[in-house]
Amino acid sequence: MSSNPEGGAPAVRWSPANPHPLSQLKTELVWEGKYDEYGRRREVDPAALAMPMQRIETVDEPRQRAEAQGELDLFEKSVAGRKRDAFRNRLIWGDNKLVLASLLKEFKGRIDLIYIDPPFDVGADFTMDVPIGDGKETVEKDQSTLEMVAYRDMWGKGTDSYLHMMYERLSLMKELLSEKGSIYVHCDFRVNSHLRLILEDIFGSANFVNEIVWKRSDAKGDAAQGSKHYSRIQDSILFLRKSDGATWNPLYVPLSDEYVEGFYRYKDPDGRRWKMENMLGPGGAAKGNPVYEVLGVTRAWRYSRERMQQLLDSGRVVQTKPGNVPMEKRFLDESKGVQVGTWWDDISMLRGWSHEKIGYNTQKPETLLERILKASSSEGDLVADFFCGSGTTGAVAERLGRRWIMADLGRFAIHTSRKRLIELQRKLHEEGQPYRAFDVHNLGRYERQWWQKDRLQGAEEEHRRVVLEFFKAEPLAGAPSPLLHGRKAGAFCYVDAIDGLFTRQEARAVASAVAQAGGREVYCLAWEFEMELRQHCLALEAELGVRMKLIPIPREIMEKNRKSPPPFLEMALLEAEPVVSGPKGQRTVEVKLTKFLPSLAEVPGKELEALKERAVRSGFDFIDFWAVDFDWQPNQPFHHDWQDYRTRKDRSLKTVSDAVHTYAKPGKHTICVKVVDVFGCDTSTTLEVRV
C-alpha cells in the first residue's frame, strides 16, 4: 500500500496477491430477485411448493360410452391389443410453479421432452372472441381474475420479475427431465437473449444445442401505420439437452426441385437419376483417414478398404477419365433428403381456414410440434408442456404414441385442451388406432396477492367490509365462527381472502360452520373458484344440509370512487331431468337439459347488460360442452359416460343425451351433469333416478 500524493487515505495497490474485485467477476445475467440481501443466490425449494393434486375427472371416452350403453364386452374385444398401456395422461389446472414442484415426487428424472410456449409480451391482450350459439355471433371473453393476477405478478417489475418467474420454473423443469431429455423454449425477439442466458445458467452452456428460427407469418405491411422496423415475422425456439445422452433422431425434408436438377444430372439406362459424391476423407491422413490406391489414384479416403471394395464391386464408383479422383455414385431414390436445419420456413402459420384451428389465440400448428417430438423423443416417451394453451403438445403426443402431461393456469385453456383430446380419442378409436386415457387434475390454491391488497393496506377486514357493503349484506358482529362474515336475507355470508382461490377444503369448513350455527344457506363470495367446485358442493349439501351459493366477486368493486353496487352473479344455474323409458327390467335412462343460465363473470362490463338479456332468453347458446356421469359417487372423480360439445365446424348441440344408458342393478342411482360454458367455466348438478 502506498501513500496518496494528494493526502488522505493511502491508495490501494492491486496485485495478484490482492486482486481487484472486478477482476474476479464472472459473466452472468443478474436480475432483481436472483440474489438475496446477503448476496446468496436464491434457490427454488420444491418441498415448500409441493401440494397434493386432486383428480377431478377421468376421460376414456370410447370405453366409458360403451360401458354406459352396456356394450363393454364388445368394446373390449374391439380394442384388444390397441390400448397402449395403463399410463393415464394428465391435464392439470394450476400455477405451473406449484405443478412442477408437486410432480417431482413421482416424475423427477422421468420426463423425456419438455416444450413450453410461455407468454413473452408485456403488453399482450388476453381477451379473445368466442362463438356463441350457431357461431354467427361472438362475445368477448376477458381474462379470468386468476390469469390477470398471474400476469400482473409476472410483469410487475418488468423484465426482472419475468426473468425470475422463468428461472424458478426452468430450474424445476431441469429436475424433472430424464438424462435423455431435452427442452424447447418458444419465444420471440423480446426475451430470447435473456432466456438463452438463463437456460445456459441452469443447464450449462455446453448443453445449449440450437436456436431454431421459425418463420411464423408472412411479411407484415405495417409501414402505413408508421412502423420504423423490418417486418417481425419469426419466433425463436431455444433447444437444450439435459446431457450428452439426449435422444436425437435426425429428420429430413425432401430435396428441392432446383437441387435435384442441379446435382442429380446423370441417369442410368433404366432412368434412375444419380449424382457424384466426393469420397476423400475430410482433413486427409492427418485426421486418421486411411490412405490407399483406388483406380490408380492414391489419396486419404473417407471409407475403409473393405467398404471401398464393396462400392467398386457394386458399380458405385465413377471415374470420369484415367487419373481423375474417383467419385461415389449416389442415387436419387436412395436419398433421405436434406437434414432439417435451424431455419424453419416450411411450416406455415395457422391460417383462418386451417382445419385444425380451434380459435385459441396462441395456438401453434401441429406440424411444428410434430417435428420437435419426432426429433427429440421416441414412442412411449413422456412429453410435457407446462404452458399448454390449446393443447397442441398433448394432441401431437397422443397421435405419435408418446405419453403426456400438460398444465395451464387458464381455466379456458384446460377446457379447450380437454375438448380437443376427447375429440382426438374418438377419432383414433374410429380409425382403429391406439390411444391412452387421461385425467384432469386440480392443484391447490394460488398463493400470491396483488395490487388491491396494497390499496387496502393489507387489511383483510377492510376487504371483507368493502365486499359485503357492495353485496348489500350486513357485517356479522360476534359471529359464532371466524368463517361467517355477514348475513343477507337470512343466509350467512363468507368472503374469501383477497384474490384467494376458494377450494373444496374451504367449502367444507364453511359449510360445517354454517351447519353448526344452525344455518341452512350461505353465500360464498370469492375472486376465483377451484375447478369442479360446484360438483363438490353438491355432495356437501347432501351431507350437511347447507345450500351453498357460489358468487364471484365482480372486478368493478375495485374502481375508484365507485358508489353503486355492480351485479353479483351466482355461478351458472343448471337444471336437468332424467328421462326413463322402456319396460321394467329393461329401462334405459337419458338426461335432458331444461335450463342453463351462465354466470357471465368473464364478460367485459360494457357487454354485460346486453348479454344478460340474451342469456335469459337463450341460455343454451352459451353451452360449449356438457357431460354425464350416470353413476356418480360423492367425492369421487367425475367419469365421462357421455358428452356432447360444439366444434368450430359443427355448432350444433344436443340437449338430450343419446347414451341409451342401462343400469346393471335396479334401485336408486345418482346422475351428475356437468356443463362448461363458452368461457370455460363449469357448473354441475345432480339428479336422482330409480330404475
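The values are calculated or read from the model by the stated rules, or taken from the named source; none is laboratory data. Fair warning: this is a prediction, and the values are worked out from it, not measured in the lab. Cβ placement follows ideal geometry from the backbone for every residue including glycine, while neighbour counts extend to all protein chains displayed. Calculation scope for accessible area: heavy atoms of the full protein, side chains included, ligands and nucleic acids excluded. Shrake-Rupley method; radii C 1.70, N 1.55, O 1.52, S 1.80 Å.
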Q) Could you give the nm distance between label points at R547 and S227, where each point is 7 Å from its Cα heading toward the beta carbon? A) 5.6 nm
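Show me 325-334, 172-181 ranked by packing, highest mean number of other Cβ atoms within 10 Å first. Present the calculation step by step, with values, prior to reporting the outcome.
Details: 325-334: 14.8, 172-181: 21.0.
Packing order, densest peptide first, comes out as 172-181, 325-334.
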Q: With a 10 Å radius around each residue's Cβ, average the other Cβ atoms per peptide and rank 200-208, 250-258, highest first.
A: 200-208, 250-258
Q | CD proxy at 222 nm, helix term only [per DSSP H run n ≥ 4: -39500 (n - 2.57); per residue of the chain; nearest 500] | A | -8000 deg cm²/dmol
Q. For the chain, with the dipole built from +1 on Lys and Arg beta-carbon atoms and -1 on Asp and Glu ones, taken about the Cα centre, which of V340, A17, L421 lies farthest toward the positive end?
A. V340
Q: Could you tell me which label, among (i) 25.3, 81; (ii) 31.5, 112; (iii) 24.1, 77, carries the value of Rg and Dmax of the Cα atoms in Å calculated for this structure?
A: (ii)
Q) Once the piece of chain linking D270 and E577 is laid out straight, how much longer is it, given 0.36 nm per residue of separation minus the C-alpha distance between them? A) 103.2 nm
Q | Spin-label pair S564/S618, simplified geometry with 7 Å Cα→Cβ offset, distance in nm | A | 2.9 nm
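Per residue, how much accessible surface does region 476-520 expose to a 1.4 Å probe? Answer in Å², no decimals.
Values: 1810 Å² over 45 residues.
For region 476-520, the solvent-accessible area averages 40 Å² per residue.
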Q: Return the long-range amide H neighbours of Y360 (sequence gap of 5 or more, or a different chain), with a cut-off of under 5 Å between placed amide H atoms.
A: none
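Leaving out ligands, DNA and RNA, and with a 1.4 Å probe, what % of the accessible surface on region 231-359 is carbon or sulfur?
That fraction is 49 percent.
Quote the convex hull volume per residue of region 293-382, based on C-alpha atoms, as a whole number of Å³.
Values: hull volume 19.6 nm³, N = 90.
Once divided by residue count, the hull of region 293-382 is 218 Å³.
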Q: Sticking with the crude label model, points 7 Å out along Cα→Cβ, report the distance from V12 to D345 in nm, one decimal please.
A: 5.4 nm
Q: Could you look at region 484-579 and say what percent of its accessible area is carbon and sulfur, using a 1.4 Å probe and all protein chains?
A: 47 percent
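Given a Förster distance of 22 angstrom, what is the FRET efficiency for T127 paired with T362, based on the Cβ-Cβ distance and rounded to 0.05? Could you put the intermediate results ahead of the total?
Details: r = 13 Å, r/R0 = 0.58.
Once the sixth-power term is evaluated, E becomes 0.95.
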Q: Express in Å², to the nearest 10, the accessible area of W527 obtained by rolling a 1.4 Å probe over the protein heavy atoms while all chains stay in place.
A: 10 Å²
Q) Whose amide H sits under 5 Å from the amide H of W642, counting only residues 5 or more places off or on another chain, with H placed in the peptide plane? A) V628
Q: Sort 353-364, 368-379 for me by packing, meaning the mean count of neighbouring Cβ atoms within 10 Å per residue, highest on top.
A: 368-379, 353-364
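Let's test the formula: R0 of 56 Å, r as the Cβ-Cβ distance of H355 and L295. What FRET efficiency results, to the nearest 0.05? Can you show the working numbers first?
Details: r = 56 Å, r/R0 = 0.99.
Calculated value: 0.50.
Quote the FRET efficiency, to the nearest 0.05, computed for K654 versus E137 with a Förster distance R0 of 22 Å and r equal to the Cβ-Cβ distance. Walk me through the numbers on the way to the answer.
Values: r = 20 Å, r/R0 = 0.93.
It comes to 0.60.
Step through the table entries K427/K654; K549/K592; K472/K592; K649/K674; K97/K364; K136/K357, compare each Cα-Cα distance with 26 Å, and write down the pairs that go over it.
Details: K427/K654 19 Å; K549/K592 23 Å; K472/K592 36 Å; K649/K674 23 Å; K97/K364 23 Å; K136/K357 17 Å.
Checking Cα-Cα distances, K472/K592 exceed 26 Å.
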Q. Which of the listed residues, L533, P480, P326, is farthest toward the dipole's positive end in the chain, when Lys, Arg count +1 and Asp, Glu count -1 at the beta-carbon?
A. P326
Q. Could you list log10 I(q)/I(0) for region 158-292 at q = 0.09, 0.16 Å⁻¹, which the Debye formula gives when each Cα is one point scatterer?
A. -0.55, -0.98
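Dividing the convex hull volume of the Cα atoms of region 193-263 by its residue count, what figure in Å³ per residue is obtained? If you can, show how the numbers build up before the last one.
Values: hull volume 11.8 nm³, N = 71.
Expressed per residue, the convex hull around the Cα atoms of region 193-263 is 167 Å³.
Averaged per residue, what accessible area in Å² does region 296-434 show with a 1.4 Å probe, protein chains only? Intermediate values should be presented prior to the final figure.
On the way: 6070 Å² over 139 residues.
Spelled out: the 1.4 Å probe surface of region 296-434, per residue, equals 44 Å².
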(Q) With +1 assigned to the C-beta of every Lys and Arg and -1 to the C-beta of every Asp and Glu, and no other charges, what is the dipole magnitude of the chain about the Cα centre in debye, to the nearest 20? (A) 1000 debye
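Roughly speaking, to the nearest percent, how much of region 588-630's 1.4 Å accessible area is carbon and sulfur? Could you put the intermediate results ahead of the total?
On the way: 860 of 1630 Å².
The C+S portion of the solvent-accessible surface of region 588-630 is 53 percent.
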Q | Cα centroid of region 260-288 to Cα centroid of region 179-219, whole Å | A | 36 Å
